[in-house]
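> Just passing along the structure, written as structure tokens.
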Amino acid sequence: MGLQRNPDIPTIVKIEKVIDETPTVRTLVFSDEVLSNVLPGQFAMVWIPGINELPMSVMISREKGKAAFTVRKHGFASTELYSLKVGEQLGVRGPYGSSFTIKQGKILLVGGGTGLVPLIRLLTFLKKTKNEVFFEKMANQILEHNKHAVIVVTEDGSYGKTGLVTEAMENLFSQIKFDVVYTCGPEKMMHKVVQLASSKNIYVEASIERMMKCGMGICGSCCFGEVLACRDGTVFDGKYLLTNKEFGYTHRNKAGILENY
């Protein structure tokens, strides 16, 4: 599928377009044949010269041969990435990680924040059979010829439905029998999603986020129970996740120390 290269050797790319999604979220578009064709759920390691390297899900671009990173201004490195301008350069390597399992039937996607990025890529693989999804404008454009519903939820009710995504999910479960659920976003949210889907005997997969320094399974910083998120994931099924004592409860900081959510 497209150009092949050693994923462990960094490639330098130039930012060609910057799209402001919200006051704190931007999408950086660049040309890269390999990353433009990654599977949904795979990620890249992104080097901000002189700053740090971050794991990032790869956003789709409607332009052939182009890929993108959608970044929220948060910590030091992510703020530096967010602040890059058109013409500036990044180092990218990958793709790494597993992908979502493509299944058929009535499908529910549950996303939060920039966790929507791999789910939007997943839409491009599901659009012939898609029924339900949480997103908005781009999702509607991708699914315009397919029966679907986009449900937006905000906690303060300033837009869409009021409450938590998982509350809307419970309401949907009372109306529709889904065959599979995919989720990516804050881990406490995903934990609830996995619990809800599993209680209904619905197959569920989640893309989890952990501290990553290498992306290749060498450094061990993304230890997730007895597995490594970068090498064995980042996508795991609900059956495994509910046996992992860290999922939804603890994560490791930059020093590798377990902290509670």
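The values are calculated or read from the model by the stated rules, or taken from the named source; none is laboratory data. Please read these numbers as outputs of a predicted model, since none were measured by experiment. Cβ placement follows ideal geometry from the backbone for every residue including glycine, while neighbour counts extend to all protein chains displayed. Just so you know, the surface numbers come from the protein's heavy atoms only, side chains and all, with ligands and any DNA or RNA stripped out. Shrake-Rupley method; radii C 1.70, N 1.55, O 1.52, S 1.80 Å.
> Show me, for the stretch 215-223, the HN-Hα J-couplings you get by feeding each phi into the Karplus relation (A = 6.51, B = -1.76, C = 1.60, θ = phi - 60°), rounded to Hz, glycine and proline as x.
3J(HN,Hα) across the stretch 215-223, in whole Hz: x, 10, x, 9, 6, x, 5, 9, 3.
> Moving to a separate point now. Give, in nm to one decimal, the length gained when the segment between I9 and N244 is fully stretched (0.36 nm per residue of separation minus the Cα-Cα distance).
Values: separation 235, 0.36 × 235 = 84.60 nm, distance 3.23 nm.
Length gained between I9 and N244: 81.4 nm.
> Would you kindly state how much longer the chain becomes between H145 and S83 on full extension, computed as 0.36 nm times their sequence separation minus their alpha carbon distance, in nm to one decimal?
The span from H145 to S83 would gain 18.7 nm if fully extended.
> Measure off 7 Å from each Cα along the Cα-to-Cβ vector at S31 and Q195, then give the distance between these two points in nanometres to one decimal.
In this crude label model, S31 to Q195 measures out at 4.9 nm.
> Here's something else I'd like to know. What is the set of long-range amide H partners of C219 at a cut-off below 5 Å, with H atoms built 1.01 Å from backbone N?
Under 5 Å from the amide H of C219: C214.
> Given the protein chains as shown and a 1.4 Å probe, how many square angstrom of L123 are accessible, to the nearest 10?
0
> Continuing with the same structure: Roughly how much of K103 is accessible, in Å² to the nearest 10, using a 1.4 Å probe?
Probe radius 1.4 Å; accessible area of K103 about 70 Å².
> Calculated from the structure, Cα extents along the principal axes in Å equals which of (i) 51, 43, 38; (ii) 56, 37, 35; (iii) 50, 38, 34?
Looking at Cα extents along the principal axes in Å for this model, the match is (i).
> Another one. Which of the GluC sites (Glu not before Pro) found in the stretch 197-230 are loop residues per DSSP with 10 or fewer other Cβ atoms within 10 Å of their Cβ?
In loop regions of the stretch 197-230 (DSSP not H, G, I, E or B), the sparsely surrounded GluC sites (Glu not before Pro) are E226.
> Step through the residues of the stretch 26-34 one at a time and calculate ³J(HN,Hα) from phi using the Karplus curve (6.51 cos²θ - 1.76 cosθ + 1.60, θ = phi - 60°), rounding each to whole Hz and writing x for Gly and Pro.
Values, residue by residue: 10, 10, 9, 9, 8, 8, 6, 5, 5 Hz.
> Another question about this same structure. Grab the DSSP H runs of the chain that are 4 residues or longer, score each as -39,500 (n - 2.57), total them, divide by all residues and round the 222 nm result to the nearest 500 deg cm²/dmol.
That calculation yields -5500 deg cm²/dmol at 222 nm.
> Hey, in the chain, which Cys have no second cysteine's beta-carbon closer than 4.7 Å?
For the chain, the answer is C184, C222, C223, C230, because their Cβ atoms have no other cysteine Cβ under 4.7 Å.
> Now, a different point. Sort I19, I208 by accessible area with a 1.4 Å probe, largest first.
I19, I208
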